[in-house]
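Below is one structure, written out as structure tokens, with a few remarks after it.
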Amino acid sequence: MAFFSKNAVAVIKFAAGVLLLPAVYSFSASFINEFNTLKGDLALYFWAGVASFAIFYIFIYQPELVYNYGQQTLGRIFSFSKPLAGAASYIIPAYTLALFIVYGIFAFTSGAKGISSYFLLLIGFSSAMHLVFSAKSLNCGRRDFLKANYLFGLTLVYLAMLLLLGLFLSLAFKEFSFAGFFSGSWQESAKIFNAIFNKVS
């Protein structure tokens, strides 16, 4: 009985993960569209940071210990609540958050125009690191029936990371509109779900 109930939960999670995939596409497309509103070639530095992490991870070193240290530190900050600490260690990219805080301090005290490109390069690097190692930690192997925990967990982590990035970028750069990003994501998701519903019905 326990086997069937456990698998039933896995099937529900798998279905929820699949249902979230249109939102993954919509939020990604809207994020890229809004991100491209940044002045000059600033957006390119972000993607250069993502590419730099991929090269670093594949050919040089897999900084899992560095990632774990940052997420564990974040978990300790939220240790007053176990559920919050557990969620924060997965959802919030520790180094990306730290970079935004440092950038905010620079912007408030002496201006941050000269470091915007380097900042976005590091944001791209740290965001990619968070996503890769979150995926790795969520991969439970053979015990994960239908890879349900992996699919459902990773889609939630990805969407949460995009929302946080959108919020932080809107605070750091006036060209980036969080309202525009969220509204565009919601509208595109609604279009996809309506199209699917119309085909099924």
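The values are calculated or read from the model by the stated rules, or taken from the named source; none is laboratory data. Computed from a prediction, not measured in an experiment: that's the story for all the values here. All Cβ positions, even for glycine, are placed from backbone atoms using ideal geometry, and neighbour counts span all protein chains on display.
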Exercise. Hey, V50 hits all of (1) surrounded by 14 or more Cβ atoms within 10 Å (Cβ to Cβ); (2) at pLDDT below 90 but one; which does it fall short on?
Worked result: (2)
For this session: Take segment 10-47 and flag every residue that is farther than 22 Å from L151 by Cβ and not aliphatic (A, V, I, L, M).
Result: N33, E34, F35, N36, T37, K39, G40, D41, Y45, F46, W47
Exercise. Are any residues in segment 91-111 without any contact (Cβ under 8 Å) to a residue 60 or more places away in the chain and over 15 Å from A160 (Cβ atoms), and if so, which ones?
Worked result: Y95, A98, L99, I101, V102, I105, F106, F108, T109, S110, G111
Exercise. Somewhere in segment 129-136, is a residue free of Cβ contacts under 8 Å to residues at least 24 places away in the same chain and under 30 Å from N7 (Cα atoms)?
Worked result: yes
